[in-house]
Amino acid sequence: MSPLVLLGARLVRAGGPLRAVSLVTGCAVAVALLAAAWALPDALYPVVRPGDVNPQRGVLVSLLALVVVPVAALLLAVGRLSSTVRDRRLAALHLLGVSRARLALVAAVENGIPALLGAGLGAVGFVVVRGVLEHLLDPVLRAPITGGWRLATVVLGVVVLSVVLTLASFRRLDDPRAATSESARPRLSLWRLAPVPVALACFGILLTTPPDEVDDATVVALLVGLAASGVAVVLVTPLVSSRVSGTLTRTGSVPALLAGRAVQTQPAATGRRVVALGLTVFVAFAAAGYLGVYESTPHLAYAIHSIEEGPQRMFVTAGDSQEDLRDKVLPAVERVDGVLDAELSYAVDPVTCAEGDGSDCPSVYVGTCERLGRAIVVAGCRDDQAAWIVHGAGDASPAWAPERVDTLLLADRDSGATHTVPLPGEMTQDDDAVTSQRPLGGASYDVFVPQGLADGWGVRVSGAELTALGGPDVRERLLAVVEAHGAWGDVPELHDYRQVVTVRTTVWSVVGIAVAVSLLTYGLTTIDRARERRRGRARLMAVGVPARVLRRAQALAGALPLVVAVVVGTGLGVVATAAYSHVAGAVFAIEPTVLALMIATVLVGALAVSLATLPLTRSTVTAEDLRQE
């Protein structure tokens, strides 16, 4: 085995168990999550034929792609753990004459061994996650969840990325003083602010584009704005933290001075601790904003209101039988608590609908004037007279409207008997726009036939439209009664509502995963940062700085970049959500309570992680540390 490989393997042990375990854990989590997210769309919405793709697949892919953001931040963080010590070690080896190529091999082995082990454990973790998902999603899975080449690609990508991260500090090898000096205060360039105006310009395009003029350029502006916002969170957080820390050093407070200096000397390392949390806030805004816009779509909003609040509709049919629903089904249904109304459907059709090509086929409504008024705005209706329904002066009659005749011939679908209906009168539908807002609006009728007339013919009731209170209890009771009598029941809005529930579950699952991964990143980097600065604490204690002052300085140095990251992520997230809501023709798509809850979750989670990892950050200052100082 090459001595360089042996040296890299020994450096894995020299880095300590914390770094090795963190890198293994990060790679394992990354492989398991990315492989599962990549495999899910094909299991839920497989593409059977080219061009025949379920629209929900695109929604799922877009949301699951957000998992990449916190996972990438995790890999970046664990790949650069203990970066100060490692960079100092590489600089020392380079100063002793080791070439860049050989140093690259040593560094690659040092990161590659734990990364490869973690990726292998992640593949095993994917198998476990797959089993859990198949159990939870069994009713909706249309194909098995498989890894295959996707899993192999993710494993390879994670290992390669971890190795590439080791080369990040090679540009500083020719300046050993910069790599070894703890007091150096690197000045971050203002070019780090460049993504911010790019993102704001893209969102400005969206905010000035009318919803009915959205085109491909608008979509490109949205995607570029989202990408620039993510980059801005990564680059701007260390810059702003470094500039604000300069203010702390001038306050006259010793804890503030120490905290400011700690941030100033290592702004990039400090930023890596919290960048995952800032990105998670932005991802949460993007996902929640998309969910809000999705739920504001008119037919989905109607489905949500119908199923959750009510009233909800259910269509009942006799199925394959020729049974009249009035005999058994409807009396039983009307006794169910929560049923508000039942509109009957009669087995009659205009004769011209069966004989012609459809161009002279009027739409017939059999019922009562009161029920018709729930569907359309109509004037002149009488329950004792059939009539044509014509448009008023404010609404043009459609070009395909059937010819108005004095009598209409209706055929019984069961017996074939025909019934002549005189049409002496007319009723006027006054306002199509208002009609579309009615609870049962959206329908279009040409002829009104009184329900009493159909009852007199003895026509079978082939179906009924039930109106009931909202909620699953009423719906389940109705379905049970309908099925017990051999009929069929269907809730038309339930399909749309289930799509909404699927998207909701996906959105909040992605947000939950992002929060969990970012808190894991924050915890690992917090522990590593505290241990890495152990000698610095020893120096301060040696000159008499009290422990309580050091604790306050440590807390302030941790809180400053955290607040900056959350503020940057929140600001860009709010602008992005406002822009996306505008082009979708919706109001701001996130409720204020949800917005506050997301931010509070991240901050409280970060505080909980800080408290949970506090015992691990209180490493003892040894005599050797004091001797070295």
With respect to GLY16, is the statement that it is touching an Asp or Glu at 6+ places or on another chain (Cβ under 8 Å) and farther than 23 Å from ALA288 by Cα true?
-> no
For segment 433-445, state whether one or more residues are at positive phi and modelled with pLDDT under 80.
-> yes
Would a scan of segment 15-38 turn up a residue that is touching a Pro at 6+ places or on another chain (Cβ under 8 Å) and within 23 Å of ALA227 (Cα to Cα)?
-> no
Any helices (runs of 4 or more DSSP H) falling wholly within segment 182-271 and containing at least 3 residues that are in contact (Cβ under 8 Å) with a residue 60 or more places away in the chain and over 14 Å from TYR580 (Cβ atoms) = 216-248, 254-265
Residue count, segment 505-540, condition among the hydrophobic types (A, V, I, L, M, F, W, C) and in contact with an Asp or Glu (Cβ under 9 Å, 6 or more places away or on another chain), comes to 1
Determine whether SER183 is hydroxyl-bearing (Ser, Thr, Tyr) and modelled with pLDDT of 85 or more.
-> no
Mind telling me which of the residues GLY523, GLY471, GLY463 ends up being small (Gly, Ala, Ser), out of contact with any Lys or Arg (no Cβ under 6 Å at 6 or more places or on another chain) and within 20 Å of LEU344 (Cβ to Cβ)?
-> GLY463
Residues located in segment 453-476, provided they are under 30 Å from GLN56 (Cα atoms) and surrounded by 14 or more Cβ atoms within 10 Å (Cβ to Cβ) = GLU465, LEU466, THR467, ALA468, LEU469, GLY470, GLY471, VAL474, ARG475
Those residues that are farther than 27 Å from VAL198 by Cα, buried (at least 19 other Cβ atoms within 10 Å of the Cβ) and among the hydrophobic types (A, V, I, L, M, F, W, C), I need them from segment 552-609; list them, please.
-> ALA553, LEU556, ALA557, ALA606, VAL609
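To keep it simple, each residue is scored yes or no on (1) modelled with pLDDT of 80 or more; (2) part of a helix (DSSP H, G or I); (3) out of contact with any strand residue (DSSP E or B) (no Cβ under 6 Å at 6 or more places or on another chain); (4) surrounded by fewer than 17 Cβ atoms within 10 Å (Cβ to Cβ).
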residue: ASP327; (1), (2), (3), (4): no, no, yes, yes
residue: PRO331; (1), (2), (3), (4): yes, yes, yes, yes
residue: VAL336; (1), (2), (3), (4): yes, no, yes, yes
residue: LEU340; (1), (2), (3), (4): yes, no, no, yes
residue: LEU344; (1), (2), (3), (4): yes, no, no, no
residue: PRO362; (1), (2), (3), (4): yes, no, no, no
Exactly one of ALA565, ALA542 is hydrophobic (A, V, I, L, M, F, W, C) and modelled with pLDDT under 85, and that one is ALA542
Filter the strands (runs of 3 or more DSSP E) completely within segment 439-509 down to those with at least 3 residues that are in contact with a Leu (Cβ under 6 Å, 6 or more places away or on another chain).
-> 461-468
Which residues, taken from segment 385-400, are modelled with pLDDT under 85 and not aliphatic (A, V, I, L, M)?
-> HIS391, GLY392, GLY394, ASP395, SER397, PRO398, TRP400
Quick one: in segment 98-150, which of the residues that are part of a helix (DSSP H, G or I) and among the acidic types (Asp, Glu) is nearest to TRP38 (Cα to Cα)?
-> GLU134
Could you list, in sequence order, all residues of segment 575-591 that are under 17 Å from the mean Cα position of the chain (by Cα) and at pLDDT below 85?
-> ALA584, PHE588, ALA589, ILE590, GLU591
In segment 346-360, what count of residues is obtained for those that are over 17 Å from ALA464 (Cα atoms) and modelled with pLDDT of 80 or more?
-> 2
Check whether at least one residue in segment 90-100 is modelled with pLDDT of 80 or more and either in the same structural domain as HIS135 (by TED's automatic domain parsing) or more than 13 Å from ALA168 (Cα to Cα) (or both), and report yes or no.
-> no
Please go through segment 246-260 and pick out each residue that is surrounded by fewer than 20 Cβ atoms within 10 Å (Cβ to Cβ) and of a type in the set (Gly, Ala, Ser).
-> GLY246, GLY252, SER253
On the given criteria, is THR368 of a type in the set (S, T, N, Q), touching a helix residue (DSSP H, G or I) at 6+ places or on another chain (Cβ under 9 Å) and modelled with pLDDT of 80 or more?
-> yes
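The values are calculated or read from the model by the stated rules, or taken from the named source; none is laboratory data. Just so we're clear, the structure is a prediction, and the values are computed from it rather than from any experiment. Heads up, the Cβs are rebuilt from the backbone with ideal geometry, glycines too, and the neighbour counts pull from every protein chain shown.
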